[in-house]
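Values in this text are rule-based calculations from the coordinates and carry no lab data. Source: prediction; values computed, not measured. Virtual Cβ from ideal backbone geometry, glycine too; neighbours counted across all protein chains shown.
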Amino acid sequence: MKTLLSLIFLFGLSPCLLFSADNIKMIASFDGSLENTFQGLYNRVLKVPSIANAYQDPDVFYGKAGRSLKIKAHREEEGWCGIWMHLFRTKDELEKKPIKFYDPTAEGYKYLSFMVKGKKGGELFQVGAADKKRVESEDPLLIGLITDYLKKGITRDWQEVVIPFDMIDIDLTTFGLLLFDFTEPGDHTVYIDNICFKSAKNDKLNYSGKPFRNKSNIKKVQNAMWVWLVNDILFKENGARDLFAFCKKRNINELFLQLLYEFKGKKKDNSFTCIVKQKDAFRKFLKEAHGKKIKVHVLDGYPDWVMRERHHEPLALAQAVCDYNKEVEPIERFDGIHLDNEPYLMIAFKSPFRKRIYREYIELNDKLTELIHKNSDMVFGIDIPFFLEQPFETTGEIELIEYKGKKQATSYHLLDIVDNIGIMGYRDFAYGADGAIYHCRDEINYAEKVNKPVYIGVEVFKYPLITVYLIAGFPKKEFYRRLQKEASDMAFISRIEDFRIQTFDDGHNVHIGIEVPENYKDMEKVKNSVRKLAGRFGINEYKKKSTIIDESLENAEFGIPKDVEWENFIPMEYRYEDSREFYRGFKATLIMLPKITYAEESLKYLNEELKWIQYEFSDKRSFYGFAIHYYDVFRKMK
């Protein structure tokens, strides 16, 4: 024994390195990727006003190196908050594949173990677990307070928590989830490390951690910002001055600036000439911006442009910007063009037409890149949502598109083609299965291969509650059949009479309608637009059996409360004046989920989350910086 201790002190060996790991199964050390040993992810669970976030912290860890899971929880009397972790491959669940659950008892394990410490000491949480049945029902079993396993409770020193399997009343042969649930009101910051299964209570883990880059060594980034309300910048007194001062204060180096233009002279081939308006104002602004080392990219976008029959419009716009740049001095030129088209807002995006939309979207950006590179020295960039290479929510399948002999996800085709992208990784937290890091990492990793810059988009704007007026719809197959037949001219549009079109899928039927701005007064125009949609889809109420409509509305009424983005189902009738003809439907409220935007958070909180993202991607050349959406709301953030 003395010889063993002498070796430990002489060579600086960690005692835990001298024990075999045969009796221990590591679950999560938090030193590497977001996934654990089972390829499972963790994520926060909450109901406001309570909230929790988790971080893989390199400054606090058990052992000589590594990271721990830092959990920050704010628990109110109302709501709940915590962190869950899958003990199975999370992607199998996302891709709707059979989940392979792990049986720790088959390998002789009898204990769940993890290391814990608190920032202040005295923090309190409950431990929970779930088997296959409880995972599927989203109902973890709480197996005890942390004080049930630590006599002194949580302190500022590392302690091991060891929970015998006979205290975990679940089907241990399908051990699928762990939960850290904060129930005590107040602020809690705890660190979790080295979660594992053990055969014996006193078995020691032969793992001392893997070194990770220092958090103080964060790469410098270039930050961009969307600017939509350009008239306020170009023509309002001190508009440009205030913008440039804000850019300096917030380290903004690039602007995506809305272009003022108009289409003229429609030709026989359905093409347009595009005219850049207010050229002198843009020349003055660009000269001043470049004098302050700020790059400026033309900004615009429209969902319907991605379809081939509308390609001539963005191509005309790009040509107009190229022509403008040739007319002016170098210091007065735009540095690039940046399009924010959002094709997923078209009616047909969730239909069998989606692959066509993807192909023509890729084709458009290929044409634009060629035109811009041929006629200017500008760069061409686009914004894309984070989900183009992820499993589609309704099918669990990843849409692979073949283009020029290459079959891959749409986001990868786009990265092959354009000069840069902005990933709309709109989440108000960094880590976890639904966090910005996870959602953006695939694009960033692919961008590394093709050497393309990537901005991570950050949302700070919150849409007000939106009232949507809808017609009682059809079963899914019938709705999409009509979209291909009777209403084929409606498939690839996102608006009707200036109203954005919206659909609601209640799990049985698809209902279609329009979004109406808050306090909108012209209700006759609203009803006419809804009736026009109904007519195009052949939804003719007085020719239908009322029982079919009743069933459709019942499904909608039941489905609205189950969808976190919808609420307030109210039946409606859309009647023509002096006519027996009418349509039945409903109105409901569409909600922008809080997790999408930092609008309700402080500037301090925003900066903290962005630093974690910046830290995580600091080793990636492709990670160029953040793009903030957008100036007029960001400048008001405190």
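Spin-label point model (7 Å from Cα, Cβ direction): what's the K119 to D92 distance in nm?
Going by the 7 Å Cα→Cβ label model, 3.6 nm.
For A65 paired with K532, estimate the spin-label separation in nm (one decimal), with each label point 7 Å from Cα along the Cα-to-Cβ line.
That separation, rounded to one decimal, is 6.5 nm.
To the nearest 0.05, what FRET efficiency results for V162 and D505 with a Förster distance of 60 Å applied to their C-beta separation? Please list the in-between numbers first.
Values: r = 47 Å, r/R0 = 0.78.
Efficiency for this residue pair is about 0.80.
Report which label in (1) 27; (2) 31; (3) 16 holds the value of percent of Cα pairs over 44 Å apart derived from the coordinates of this structure.
So the structure-derived entry is (2).
Would you mind calculating the gained length between D280 and K293 on full extension (0.36 nm times residue separation, minus the Cα-Cα distance), in nm to one decimal?
On the way: separation 13, 0.36 × 13 = 4.68 nm, distance 2.01 nm.
Using 0.36 nm per residue and subtracting the Cα-Cα distance, I get 2.7 nm.
Please give the length that would be gained between S137 and D103 if that part of the chain were fully extended, namely 0.36 nm times their separation in residues minus their C-alpha to C-alpha distance (nm, one decimal).
Extra length available between S137 and D103 comes to 10.3 nm.
Only counting other Cβ atoms within 10 Å, I'd like M85, M637 sorted with the fewest neighbours first. Before the final figure, lay out each step's value.
On the way: M85 24, M637 14.
Final ranking by Cβ density, sparse to dense: M637, M85.
Quick one: Cα centre-to-centre distance for segment 478-535 and segment 403-439, in angstrom?
First find each Cα centre; the distance between them is then 29 Å.
Between K47 and Y463, what length in nm is gained on full extension when 0.36 nm per residue of separation is reduced by their alpha carbon distance?
My answer for the length gained is 147.7 nm.
List the GluC sites (Glu not before Pro) within segment 284-339 that fall in a DSSP loop (any state other than H, G, I, E or B) and whose Cβ has at most 14 other Cβ atoms within 10 Å.
none
What area, in nm² and to one decimal, does the C-alpha convex hull of segment 312-454 cast on average over all directions?
Mean orientational projected area (segment 312-454, Cα hull): 9.9 nm².
Provide the FRET efficiency to the nearest 0.05 for the Y520-E327 pair, computing r from the beta carbons and using R0 = 41 Å.
The pair Y520/E327 has a calculated efficiency of 0.50.
Looking only at segment 387-425, which residues have a backbone nitrogen under 19 Å from a spot 7 Å from the Cα of L345 in the C-beta direction?
Output list for this probe position: 387-388, 422-425.
If I take all pairs of Cα atoms in segment 13-198, what percentage of them are more than 20 Å from each other?
On the way: 9110 of 17205 pairs.
So the portion of pairs separated by more than 20 Å is 53 percent.
Using modelled backbone amide H atoms (1.01 Å from N, in-plane), which distant-in-sequence or interchain residues come within less than 5 Å of I27's amide H?
I195, C196, F197
Using a basic spin-label model with each label point 7 Å from the Cα along Cα→Cβ, how many nm lie between D187 and D377?
The modelled label-to-label distance comes out at 5.1 nm.
Give the aspartates and glutamates whose C-alpha is closer than 16 Å to that of K595, dropping any in the same chain fewer than 8 places away, or say none.
D428, D434, E459, D563, E565, E608, E609
If we sort 187-195, 231-239 on the protection proxy, mean other Cβ atoms within 10 Å, highest first, what's the order?
The packing order, highest mean first, is 187-195, 231-239.
Could you list W84, W566 in order of exposure, starting from the residue whose Cβ has the fewest other Cβ atoms within 10 Å?
W566, W84
Each residue of segment 251-263 in turn: what ³J(HN,Hα) in whole Hz from Karplus with 6.51, -1.76, 1.60 and θ = phi - 60°, glycine and Pro shown as x?
In residue order, the calculated couplings are 6, 9, 10, 9, 10, 9, 10, 4, 8, 9, 7, 8, 8 Hz.
For S199, S68, what's the fewest-to-most ordering of other Cβ within 10 Å of each Cβ?
Taking fewest neighbouring Cβ atoms as first place, the list is S199, S68.
Run the helix sum for the chain: -39,500 (n - 2.57) per DSSP H stretch of 4+ residues, divided by residue count, reported at 222 nm to the nearest 500 deg cm²/dmol.
-8000 deg cm²/dmol
Using the alpha-carbon centroid of each, what span in Å lies between segment 134-198 and segment 328-388?
The distance from the Cα centre of segment 134-198 to that of segment 328-388 comes to 48 Å.
What share of the DSSP beta bridges in the chain is antiparallel, in percent to the nearest 5? Before the final figure, lay out each step's value.
Numbers: 89 of 123 bridges.
If we restrict to bridges inside the chain, about 70 percent are antiparallel.
Note down the magnitude of the dipole of segment 357-450 about its Cα centre, charges +1 on Lys and Arg C-beta and -1 on Asp and Glu C-beta and zero elsewhere, to the nearest 20 debye.
Around 220 debye, computed over segment 357-450.
Restricting everything to alpha-carbon atoms, can you work out Rg to Rh for segment 279-328 with a Kirkwood hydrodynamic radius?
Taking Rg over the Kirkwood Rh, I get 1.08.
Could you name the lysines in cross-link range of K284, using Cα to Cα under 28 Å and dropping any fewer than eight places away on the same chain?
Excluding near neighbours in sequence, the set is K236, K248, K249, K264, K292, K293, K295, K326, K374, K636.
Could you calculate, for segment 466-590, the ratio of the Cα radius of gyration to the Kirkwood radius, expressed as Rg to Rh? Don't skip to the end; give the middle numbers.
On the way: Rg = 13.4 Å, Rh = 14.5 Å.
Reported Rg/Rh, Kirkwood definition of Rh: 0.93.
In segment 344-474, what percentage of the DSSP-assigned beta bridges are antiparallel, given to the nearest 5?
35
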